[in-house]
Amino acid sequence: MNPSLADLQMLINILDGHIHTSLILEGSGRHWLAVGGGEGGCYIVNGQLYSGEFFELVKNNPTAGNISLNVGGQTGLYPSDRACSKAEALQAAAFFLREGRLDPALSWETS
């Protein structure tokens, strides 16, 4: 499936952290971007690039502590600096959908 931007927005809006907990965008080759969570407007965004490195979207103004989120059907504790907003998740996913790479305007860390 090659989703449109409208499809992508709808899919991210469906993420609720209970029944619908993740979506994965596949690029050409073996790279991908995943968006998970959704409960309370918090999302985890990560992916893998051609190099095999894993990346996570991080906040520029992190808060201390952890947040509990259901991602991929499993509840886990995630560092608060990894919990991004719906707008940030959509920005990252839309850029990956268009360009097939991570949005350089966002902050990413290898994991």
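The values are calculated or read from the model by the stated rules, or taken from the named source; none is laboratory data. For clarity, every value in this text was computed on a predicted model and none was experimentally measured. No Cβ is skipped: glycine too gets one built from the backbone with ideal geometry, and neighbour counts run over all protein chains shown.
Being under 17 Å from Asp7 (Cβ atoms) and aromatic (Phe, Trp, Tyr) is a property that Phe96 has.
Against the conditions (1) at pLDDT 95 or above; (2) hydroxyl-bearing (Ser, Thr, Tyr); (3) touching a helix residue (DSSP H, G or I) at 6+ places or on another chain (Cβ under 6 Å), where does Ser22 fall short? Just the number, please. Among (1) at pLDDT 95 or above; (2) hydroxyl-bearing (Ser, Thr, Tyr); (3) touching a helix residue (DSSP H, G or I) at 6+ places or on another chain (Cβ under 6 Å), Ser22 violates only (3). Within region 63-82, restricting attention to residues that are among the β-branched types (Val, Ile, Thr) and assigned to a strand (DSSP E or B), the residue that is surrounded by the fewest Cβ atoms within 10 Å (Cβ to Cβ) is Thr75. Filtering region 41-62 to residues that are exposed (fewer than 12 other Cβ atoms within 10 Å of the Cβ) and within 15 Å of Ala83 (Cα to Cα) leaves Asn60, Asn61. Among the residues of region 13-22, the one identified as surrounded by fewer than 19 Cβ atoms within 10 Å (Cβ to Cβ), in contact with a strand residue (DSSP E or B) (Cβ under 7 Å, 6 or more places away or on another chain) and within 19 Å of Leu57 (Cα to Cα) is Ser22. For region 83-105, residues that are of a type outside the set (Gly, Ala, Ser) and either surrounded by fewer than 17 Cβ atoms within 10 Å (Cβ to Cβ) or under 10 Å from the mean Cα position of the chain (by Cα) (or both) total 9. For region 2-52, a tally of residues being outside any loop (DSSP other than H, G, I, E, B), of a type in the set (D, E, K, R) and in contact with a Gly (Cβ under 8 Å, 6 or more places away or on another chain) returns 1.
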